[in-house]
1. Round to the nearest 10 and report in Å² the accessible area of residue 356, as given by a 1.4 Å probe over the protein chains' heavy atoms.
2. Rank 343, 323, 67 by accessible area, highest first, at a 1.4 Å probe radius?
3. So how exposed is residue 279, as accessible area in Å² (1.4 Å probe, rounded to 10)?
4. Put a dot 7 Å past each Cα toward the Cβ at residue 370 and residue 77; how far apart are the dots in nm?
5. So what's the back-of-envelope 222 nm ellipticity for the chain, counting only DSSP H runs of four-plus at -39500 (n - 2.57) apiece and dividing by all residues, rounded to 500?
6. Extending each Cα 7 Å along its Cβ direction at residue 296 and residue 205, get the distance between those two points in nm, one decimal.
7. For the range 171-255, what does the accessible surface come to per residue with a 1.4 Å probe? Please give it in Å².
8. By how many nm would the segment from residue 36 to residue 359 grow when fully extended, if each residue of separation counts as 0.36 nm and the alpha-carbon distance is taken off?
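The values are calculated or read from the model by the stated rules, or taken from the named source; none is laboratory data. Model, not experiment: these values are computed from the prediction. For neighbour counting, all protein chains shown are included, and Cβ atoms are generated from backbone atoms with ideal geometry for every residue, glycine included. These area figures cover heavy atoms from the full protein model, side chains too; ligands, DNA and RNA do not enter into them. Shrake-Rupley method; radii C 1.70, N 1.55, O 1.52, S 1.80 Å.
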Amino acid sequence: MKELLKKLVQAETTEEKGELGAAEVVCADFGLSGIESQIDSWGHNRANITAQVKSSGQNKALLFVCHLDVVPPGGVRWEYPPFSAVEVDGRIHGRGSADMKGGIAATVTAIRQIVDSDIELKGDIIFFAAAGEETDSCGALRYVRGLSVMPELAGIIIPEPTDFEVVTRHRGIFWLKVTTKGKTAHGSTPELGINAITSMKAFLDELEGYEIAYNPHKLLGSCSMSINRILGGKAVNVVPDQCDVDIDIRTLPGQNYGEIISDFEKIFAKLKKKNPQFEAEVSVIRDVAPFETDENSDFVKDFCSAVGIGETKAVGFTTDGPHFAFLGVPGVIFGPGKPHLCHKPDEYIEISDAERAVECYKNIILKFLS
Ligand SMILES: [Zn+2]
């Protein structure tokens with residue numbers, strides 16, 4: 001398991017490099033136990049991988065949903081190089097070690113150990129690991145679109161880092177891009193142009209006083225909005241004709257995404273009334289529904305008893321889970337690794353946590369499928 005985890009970290013699966021290397025690592029590891037897997041590759045080394053362990057089919061199947069990609073390491077210096085998978089004091093260090101190469105290594109190892117033990121399975125194990133979960137869910141959407149047959153499922157398990165908490169709910173994502181348009185002019189004659197950055201400032205000033213309407217959720221808390229990227233201008237002596245901001249909104253069940261768009265358009269109209277030269281538009285970058293599974297469902301209760309955990313949780317981050325909601329089956333997010341280490345420099349995973357996860361996933365498989 002540890003060697004598999006190291007190879008997965010070393011595969012350096014940022015969006016730029018693609019996921020193919022990690023898919024090949026998983027494929028080779030499954031192969032050691034005679035498990036066939038299928039790599040679906042496209043574009044610039046982008047890749048999904050799937051595997052299915054067949055059974056007698058008396059029980060409903062389990063679907064494990066992972067992601068192969070990682071976020072970039074960022075500009076700061078890491079204590080250990082981010083893709084070297086250095087082992088120190090019982091920890092594997094590296095980008096993706098917690099999110100979620102640890103969960104993948106544990107899941108693959110658990111499936112292999114079950115297969116190697118010759119236990120007779122009454123339900124299929126389906127393994128899926130996606131490209132692009134951190135950016136646009138391209139892998140999950142591609143997989144879901146291409147699905148023709150899927151055995152009836154008992155539930156979906158997402159081995160993301162929850163530090164062994166059973167998570168049944170998370171918020172949704174609504175990412176927006178606002179673009180203001182202007183007219184270029186020489187920087188020495190700004191009165192001949194329309195400055196898109198000035199227009200963006202007017203919009204951002206208005207946005208500060210805007211609150212998204214929502215009903216707080218008793219488990220998920222509140223909806224949040226954060227302006228996380230701004231781009232504008234070409235040179236110090238050119239009046240900019242375009243400025244973009246990317247806005248990260250995290251949503252609650254029942255929220256109307258269309259209403260948020262129309263609120264933005266109302267702000268544009270107000271600004272245009274004040275200044276007829278104001279031009280802006282809003283577009284959707286990404287749209288993922290919140291994830292909700294009834295914590296009182298039989299699946300969740302059986303899952304909790306298999307892993308020896310009494311209660312469930314809701315979290316603020318998002319997974320590929322909502323893309324599988326159309327299947328109408330319960331799902332939980334449960335895996336090794338500390339969520340607070342994810343997407344930050346010096347990410348690591350305790351090897352003992354990844355090993356504990358192997359036992360947990362085996363227990364889950366045995367509970368539902370034997
Ligand atoms: Zn993740």
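1. 110
2. Working: 343 100, 323 30, 67 0 Å².
The ranking, largest first, comes out as 343, 323, 67.
3. 90
4. Each label point lies 7 Å from its Cα, and together they span 5.0 nm.
5. -9000 deg cm²/dmol
6. Computed distance between label sites residue 296 and residue 205 equals 5.2 nm.
7. Accessible area per residue: 55 Å².
8. Numbers: separation 323, 0.36 × 323 = 116.28 nm, distance 2.24 nm.
In short, 114.0 nm is gained.
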